[in-house]
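The next block holds one structure in the form of structure tokens; read it before the comments.
The values are calculated or read from the model by the stated rules, or taken from the named source; none is laboratory data. Note that the coordinates shown come from a computational prediction; the quantities given were computed from them, not determined experimentally. Cβ: placed from backbone, ideal geometry, glycine included. Neighbour counts: every protein chain shown.
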Amino acid sequence: MKWILKKSKKKRKTKNQEIAKNILEVQLKKQNIDIYQQKMIDYLLLKMINRDLDKLINKIVYYLASEDNDDEETALLFDELAKLRGIYREYDKKMSEEATLSYMKKVRFAAFELKKRILSYEAPKVAKGRGR
């Protein structure tokens, strides 16, 4: 999806476009731009937030692929996930419901995979049958 911003001497007019209930102010090349289209607001905010989330997911995948069982590293990854949830709360009011769901789906999946890894290492292995 691409947008082209054009300067115009005319006042803002909209034709068959969805107007956002929120306005996002962005600074590009020392000029302030107000964005009124909700799809564009979602795109920009998700692009900005997903950059940090993708880095964290790469760390989580690397951790899950390794054989180490390091509780400290797991705790650090959970802390970073909590920070990303906090960042999300800042932009929650400006994002649409669809954008919110797509972002939180990724965060929940990463947290679920970490929890699954913790539970797999913490579960004691019980010997089957009787020992003679």
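Consider Tyr88 carefully, then state whether it is out of contact with any Phe, Trp or Tyr (no Cβ under 9 Å at 6 or more places or on another chain), free of Cβ contacts under 8 Å to residues at least 60 places away in the same chain, among the aromatic types (Phe, Trp, Tyr) and assigned to a helix (DSSP H, G or I).
So Tyr88 fails the test.
On the given criteria, is Leu56 at pLDDT 80 or above and either surrounded by 11 or more Cβ atoms within 10 Å (Cβ to Cβ) or at positive phi (or both)?
Numbers: at pLDDT 80 or above: yes; either surrounded by 11 or more Cβ atoms within 10 Å (Cβ to Cβ) or at positive phi (or both): yes.
Answer is yes for this residue.
Please specify each residue of segment 11-46 satisfying the condition of being over 22 Å from Asp92 (Cβ atoms) and modelled with pLDDT under 60.
Lys11, Arg12, Lys13, Thr14, Lys15, Asn16, Gln17
Considering segment 91-101 alone, what residues qualify as being touching a residue at least 40 places away in the same chain (Cβ under 8 Å), loosely packed, with under 14 Cβ neighbours inside 10 Å and in a helix (DSSP H, G or I)?
Within segment 91-101, just Glu98 meets the criteria.
Asp68 versus (1) farther than 24 Å from Glu25 by Cβ; (2) touching a helix residue (DSSP H, G or I) at 6+ places or on another chain (Cβ under 9 Å): which is the lone unmet condition?
If we test Asp68 against (1) farther than 24 Å from Glu25 by Cβ; (2) touching a helix residue (DSSP H, G or I) at 6+ places or on another chain (Cβ under 9 Å), just (2) comes out false.
Would segment 81-88 turn up any residue that is small (Gly, Ala, Ser) and surrounded by 13 or more Cβ atoms within 10 Å (Cβ to Cβ)?
no
Being within 18 Å of Met95 (Cβ to Cβ) and in contact (Cβ under 8 Å) with a residue 40 or more places away in the chain is the filter here; which residues of segment 49-66 pass it?
Selection gives Ile49, Asn50, Leu53.
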